[in-house]
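Novice: Below you will find the structure I want to go over with you.
The values are calculated or read from the model by the stated rules, or taken from the named source; none is laboratory data. What you are looking at is a predicted structure, and each value in this text was computed from that prediction instead of being measured. For neighbour counting, all protein chains shown are included, and Cβ atoms are generated from backbone atoms with ideal geometry for every residue, glycine included.
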Amino acid sequence: MSFTLHPTLVQWPPCSEKPLKLQVSNSGMASLHRGHPWLYAEKIKDANQQGKPGDLAVVFDAKRRFVAIGLYDPFSHIRMRALRTSKPGPIDRDFFAGRIAQALARRLPLLQSDTDGYRMLHGESDKMPGLVVDRYGETAVVKLYTHAWLPHLCSCLDSLLQQQPLERIVLRLSRGMQQHPEALHGLQDGEILYGAPLIKTVTCRENGLIFEVDPIQGQKTGFFLDQRDNRAQIETVAGGKTVLNVFSYTGGFSLAAARGGAVEVTSLDQSGPALQSAVRNFALNNHVPTIAAAKHLTIEDDAFKAMAELIRQQKRYDLVIVDPPAFAVRRAQVKDALNAYGRLAQLGVSLLTPGGDIVLASCSNPVSPEDFRQTVCTAAAAAGRPLRQIRETSHPLDHPLDFADSRYLKCLFAKA
């Protein structure tokens, strides 16, 4: 069976017939030998030809022994993303279909949980580096972090549709890719690669809850699927409580708290459209008695400013959830990020009732779990509300950690 994909993908210029042969520094070679899939530009000493995005690039050691083969991207600092290491083999349609099948098999347990919103492909950890696919009901969103996948995307998507029928596939491009439009051949962020145009938002289910998702204008691919397990955990501790959800976005944690029996939930975010989506999400789930009974309030403001104002007003909550965006994407930003996490922890515990619960999360990859924990615990203690009964969580099933550098999510549940 074949599928009608975007004509630009079908007509994409072919890659070079012969793979690039890269001469790599000793440190780059050692990294590939350890199984790390990234080869940085400064690790490449020479190449036998000029490479195009998506060309296969192969690395041999000084004794002409195979080390790795992967996809080349001349526009990225990560010049090659390895697909095979140690043992050579073909990189073709069957290869990609096999990798997709392995990834989908890992997600089978999610299908038992009344969930059709999940990550189908998690890039490096599913051995498809630089390629992410999120599913929202019958719509999938492909997020690319390298031009190297564009010549192979038609084959990959055809294999994906063979294995996982969908109504629509949307393309999202990283900021780095959008800086080189000349290599996109007219493709744009938000392009429909397969299926009918998207006029409105789509919906997906997460453990029975219904969420609207905007795959084209929404953050990331439209929703933060990685917090699914933590939202489920919130549901178990929210009964009878007043809840403040800071950086609420479209109300994922708010809705989970309400279904768990929270009497009042306040969603705080600086984005008015995100808060309007949160209100609609409550309406979508109004058939659930606990959600219908919960009072849902919204505050549109900067989180730091609004939390300080709530403290001045002597507002107190039984449960405070703080899930900010990434404060650090590079190591140089870690110090400022930790200062921000510490400030949020101080503000959060200052809004808690005695013995209240606080949930603090970080999605900053360069910030280690140890530094995050120490920072928020120190800040809470300095505010006179030391944290206790601490429970830490990490990545869910569909965001596996097979690739060490993919560890970014940290979430801490505690009482203060």
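Novice: Kindly list, by first and then second residue, each pair from a residue in the stretch 218-242 that is within 23 Å of Lys295 (Cβ to Cβ) and modelled with pLDDT of 95 or more to a residue that is assigned to a helix (DSSP H, G or I) and aromatic (Phe, Trp, Tyr), limited to pairs with Cβ atoms under 7 Å and residues at least 6 apart or on different chains.
Specialist: Note: pairs meeting the criteria are Arg231/Phe253; Ile234/Phe253.
Novice: Kindly check whether there is at least one residue in the stretch 300-307 that is touching a residue at least 40 places away in the same chain (Cβ under 8 Å), outside any helix (DSSP H, G or I) and in the same structural domain as Leu352 (by TED's automatic domain parsing).
Specialist: Checked against the condition, which is being touching a residue at least 40 places away in the same chain (Cβ under 8 Å), outside any helix (DSSP H, G or I) and in the same structural domain as Leu352 (by TED's automatic domain parsing), the stretch 300-307 yields no hits at all.
Novice: Give Leu56, Leu22, Leu32 a once-over and let me know the one that is among the aliphatic types (A, V, I, L, M) and under 20 Å from Phe403 (Cα atoms).
Specialist: When all the criteria are applied, what remains is Leu32.
Novice: For the stretch 40-53, does any single residue satisfy the condition of being hydrophobic (A, V, I, L, M, F, W, C) and within 21 Å of Leu160 (Cα to Cα)? Spell out how you get there, then give the answer.
Specialist: Step one: list which residues in the stretch 40-53 are hydrophobic (A, V, I, L, M, F, W, C), which gives 41, 44, 47.
Remaining after also requiring within 21 Å of Leu160 (Cα to Cα): none.
The answer is no; no qualifying residue exists.
Novice: Give me the residue from the stretch 198-214 that is surrounded by fewer than 19 Cβ atoms within 10 Å (Cβ to Cβ), out of contact with any Ser or Thr (no Cβ under 7 Å at 6 or more places or on another chain) and modelled with pLDDT of 95 or more and, out of that set, nearest to His6 (Cα to Cα).
Specialist: Out of the qualifying residues, it is Thr203.
Novice: Something else: Residue under question is Ala306, and the condition is that it be at pLDDT 95 or above, farther than 26 Å from Val133 by Cβ and buried (at least 18 other Cβ atoms within 10 Å of the Cβ); does it hold?
Specialist: Against the criterion (at pLDDT 95 or above, farther than 26 Å from Val133 by Cβ and buried (at least 18 other Cβ atoms within 10 Å of the Cβ)), Ala306 qualifies.
Novice: Here is a list of conditions, (1) closer than 25 Å to Leu351 by Cα; (2) surrounded by fewer than 21 Cβ atoms within 10 Å (Cβ to Cβ), and Ser248 meets all of them except one; can you say which number that is?
Specialist: The failed condition is (2).
Novice: Yes or no: the stretch 279-295 includes at least one residue that is more than 22 Å from the chain's Cα centre (by Cα) and under 15 Å from Ala414 (Cα atoms).
Specialist: No.
Novice: Of the residues Arg385, Arg312, which is surrounded by fewer than 20 Cβ atoms within 10 Å (Cβ to Cβ) and more than 19 Å from Thr236 (Cα to Cα)?
Specialist: The conditions single out Arg312.
Novice: Scan the stretch 230-239 and give yes if some residue there is over 28 Å from Ala340 (Cα atoms) and either touching a strand residue (DSSP E or B) at 6+ places or on another chain (Cβ under 8 Å) or assigned to a loop (DSSP other than H, G, I, E, B) (or both), otherwise no.
Specialist: Yes, there is a match, as at least one residue in the stretch 230-239 is over 28 Å from Ala340 (Cα atoms) and either touching a strand residue (DSSP E or B) at 6+ places or on another chain (Cβ under 8 Å) or assigned to a loop (DSSP other than H, G, I, E, B) (or both).
Novice: Any residue in the stretch 357-386 that's among the polar types (S, T, N, Q): show its pairings with residues that are not in a helix (DSSP H, G or I) at Cβ separation under 6 Å, as long as the two are six or more apart or on different chains.
Specialist: Ser362/Lys410; Ser364/Ala326; Ser364/Phe327; Ser364/Ala328; Asn365/Tyr408
Novice: Ok, one more. Which residues, counting only those in the stretch 59-103, are β-branched (Val, Ile, Thr) and in a strand (DSSP E or B)?
Specialist: Val59, Val67, Ile69, Ile78, Thr85
Novice: Looking at Pro273, is it modelled with pLDDT of 95 or more, over 19 Å from Thr298 (Cβ atoms), not in a strand (DSSP E or B) and not assigned by TED's automatic domain parsing to the domain that holds Tyr118?
Specialist: Taking the combined requirement at face value, the residue does not satisfy it.
Novice: For the stretch 91-137, which positions are within 16 Å of Gly70 (Cβ to Cβ) and of a type in the set (Lys, Arg)?
Specialist: Matches in the stretch 91-137: Arg99, Lys127.
Novice: Let me ask something else about it. Identify all residues within the stretch 388-416 that are among the charged types (D, E, K, R), in contact (Cβ under 8 Å) with a residue 60 or more places away in the chain and either surrounded by 14 or more Cβ atoms within 10 Å (Cβ to Cβ) or out of contact with any Ser or Thr (no Cβ under 9 Å at 6 or more places or on another chain) (or both); write none if there are none.
Specialist: Asp398, Asp405, Lys415 - these are the residues of the stretch 388-416 that are among the charged types (D, E, K, R), in contact (Cβ under 8 Å) with a residue 60 or more places away in the chain and either surrounded by 14 or more Cβ atoms within 10 Å (Cβ to Cβ) or out of contact with any Ser or Thr (no Cβ under 9 Å at 6 or more places or on another chain) (or both).
Novice: Taking only the stretch 91-137 into account, find how many residues are touching a Phe, Trp or Tyr at 6+ places or on another chain (Cβ under 8 Å) and surrounded by fewer than 17 Cβ atoms within 10 Å (Cβ to Cβ).
Specialist: Adding up the residues that qualify gives 1.
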